[in-house]
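*Asks:* Structure below; questions to follow.
The values are calculated or read from the model by the stated rules, or taken from the named source; none is laboratory data. Every value quoted in this text rests on a predicted model; they were computed, and no experiment measured them. Because the Cβ atoms are built from the backbone with ideal geometry, glycine has one as well, and the counts that use them run over all protein chains shown. Ligands, DNA and RNA are excluded from the accessible area calculation, which covers all protein heavy atoms including side chains. Shrake-Rupley method; radii C 1.70, N 1.55, O 1.52, S 1.80 Å.
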Amino acid sequence: MMWNEPNFENEMFYLEEKDEKVLSKRILELSRCNRVRSALALHRSMKFSGLNSLLACLIRSKRVDDALNVFQFMSSRGIVTAHSYSLILKSLADYQGYEAAVIMFEEAERNNKTKKHMDLIVYNTMIGIFEKVSNWSQAEKIWRTMQENVCVFVRYDQNELALDVYNEMVRNGIIPCVDAMQAVIGACSREGKCDMALSVLQTMVDNGMKPSLTTCNALISMLAKTAPLEKTFEAYDLVESFGHTLDAYSWNALLVALNHVDRYSDSLSLFNSINRQHKQVLNLHIYNTCLVSCLRLGLWERAVQLLFDIEACGIRATVTSYNLAIGACEVAREPKAALQIYHHILQREHSPDSFTLLPLIRLRIWGSLWNWFVFIPTSYCLFPCCSQLRMNCFTMCENGLNPDQQTRALLQKNLVYL
């Protein structure tokens, strides 16, 4: 009973909240977070929630045949929900025997159109039905199905549903398999649930399970961005205890963790160690993370050296790498070095962007370098006088390269009013 690729076209929710203003506000919040599928599902649920209420009313009134007719109508229109299935399965088990509920459940599991409604609500309903008649083998079979579906839920970005299934299994004293546990850690990393991810990892360790390096990397990456530094390096020690050899993703996560707590010098020191002992794992992501450290510290010479190292390794640097090095020059007030990097960008046939050009403008103003002519391949240039520079900034806006607040402030300070 594996769960196939879901079709969310008619996905709906069971709505405990009935206030349309509250529900509309939730739709607005989901839309602002770009959770389009959830917003559409909630909208559809608002339209058809009355039918589920009618279904529940008929079942309470013991009018099972009428309830079945309403359910079949909903199913034919594609507006049935997991809650609808839960209601009708319970009523069949109560009034026609659990065998009738099993037949409907198995038919729904076999049908690809209705299988998408077989979620945690329906599984719990069937488990309750089997436990009521002491059919423990069938209840265990449902649990195994739920365990298998945890991985599928995560694969199709149904992280909250996967976590709900896992929590339900834990509450019932069931230890999921290693694949399900790893999938849950992946879901936690996407949802930013550090404590739960660490708890799942500890459960794996306690039960003699060995998570894969990919799972460990997902955990380290999440901790690097959201947890105290100590937890990140504790996870790193744990990875080594599993016998894994850290890859580029692992090392980059540790560098990010150090940058996240403003320990840029330590990040560069760790990079030096990686460069000496694990040079084969170095990639553009690691170099860019170190360039961020150089930018924060204003280490423009080190940043330029890293650019040379990138190119020497045969790695094609992106404009982002050069922008970070120019940013380090800006912090160190080294306009000539920044201009050399800019010319190198053009020689490497990269297209400069706003993050390339704005630091150059600021450096030119700070250094009062009005005699420079910096030609930029977007049909505008920086001219050596304030009035022309002002006109040039309007041209920047026309070309979609808007000066940021810092640049505007510097221009205004130098009597260039936008």
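*Asks:* Kindly report the accessible area of segment 253-354 per residue (heavy atoms of protein chains, probe 1.4 Å, no ligands, DNA or RNA), in Å².
*Replies:* Roughly 48 Å² per residue, with all protein chains present.
*Asks:* In addition: What number, in percent, do you get for the relative contact order of segment 246-369 if the mean sequence gap of Cα pairs under 8 Å and at least 6 apart is divided by its residue count?
*Replies:* 20
*Asks:* Tally Lys and Arg at +1 and Asp and Glu at -1 over the other residues with C-beta under 12 Å from the C-beta of Val102: what net charge comes out?
*Replies:* -3
*Asks:* Follow-up question, since we're still on this one. Relative contact order for segment 131-263: what is it in percent, counting Cα pairs under 8 Å that are at least 6 residues apart?
*Replies:* The normalised contact order for segment 131-263 reaches 18 percent.
*Asks:* List, in order, the whole-Hz ³J(HN,Hα) value for each residue of segment 95-106 obtained from phi through the Karplus relation with A = 6.51, B = -1.76, C = 1.60 and θ = phi - 60°; use x for Gly and Pro.
*Replies:* Result, ordered by residue: 10, 10, x, 5, 4, 5, 5, 4, 4, 5, 4, 5 Hz.
*Asks:* May I pose another question? Based on the Cβ-Cβ distance of Glu168 and Asp262, what FRET efficiency does E = 1/(1 + (r/R0)^6) give at R0 = 56 Å, to the nearest 0.05?
*Replies:* According to the calculation, E is roughly 0.85.
*Asks:* Here's something else I'd like to know. Between segment 260-320 and segment 117-143, how far is it from one alpha carbon centroid to the other, in angstrom?
*Replies:* Using only Cα atoms to place each centre, the spacing works out to 54 Å.
*Asks:* Send over a whole-number figure in Å² for the accessible area per residue of segment 59-218, probe 1.4 Å.
*Replies:* In whole numbers, segment 59-218 has 47 Å² accessible per residue.
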